Amino acid sequence: MQSSNGRPCEGGGGPESPAGNHEDDGPASHGVGYEDPWYDALASGWGELDGTGVPTPVVPAAREGQERVAFRARDVYLEVQRSVAFQEVRRRYRRFVVPGVAVFFSWYVGYVVTATTAPGFMARPVVGAVNVAILAGLGQFATTFLLTWAYTRHARLHRDRAALDLRWDTQELTRGVQGGAS
């Protein structure tokens, strides 16, 4: 019997393979056999020859230079992260997000605590069938949309231009490290 890659099945011990028909043909016959549908020795890099009869190395030699370039590119990113411009963008981000999250979280916890501890207050009618709980719940949605709008406006006015400039500078520095390769 042959597998889907055209090789004879070996070592699986399945119903189609006779018990005495096991030839030792290398690492493929030890452990996982060809009958495993997820196993392909050549796709996993085992057993390939480089054309001279010698198995190919697992990591090609060309990758060594790429690792040195990646190391230098990493240094570019670390340099940008330590820059004053990057720290300013992060500071502006934190100055908006931390108070925004604190206010919204307090408002949410206040709503939940009030709903559980003061059901009489939440059931108080305001206009017709609309009570305090419905207005507070709708207020949660309204403040979510308001906070989202305020965040995008703040980002557009105070951070996006500086972040785009940082991104552009980082890409230019990285291209310079990689020798002009894009």
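Computed over protein heavy atoms with a 1.4 Å probe, the accessible surface of the range 111-182 works out to 72 Å² per residue. Of the whole protein surface, PHE145 contributes about 150 Å² of accessible area at a 1.4 Å probe radius. Taking only protein heavy atoms and a 1.4 Å probe, the accessible area of the range 123-182 is 65% carbon and sulfur.
The values are calculated or read from the model by the stated rules, or taken from the named source; none is laboratory data. All figures in this text were calculated on a predicted structure; none of them were measured in a lab. Just so you know, the surface numbers come from the protein's heavy atoms only, side chains and all, with ligands and any DNA or RNA stripped out. Shrake-Rupley method; radii C 1.70, N 1.55, O 1.52, S 1.80 Å.
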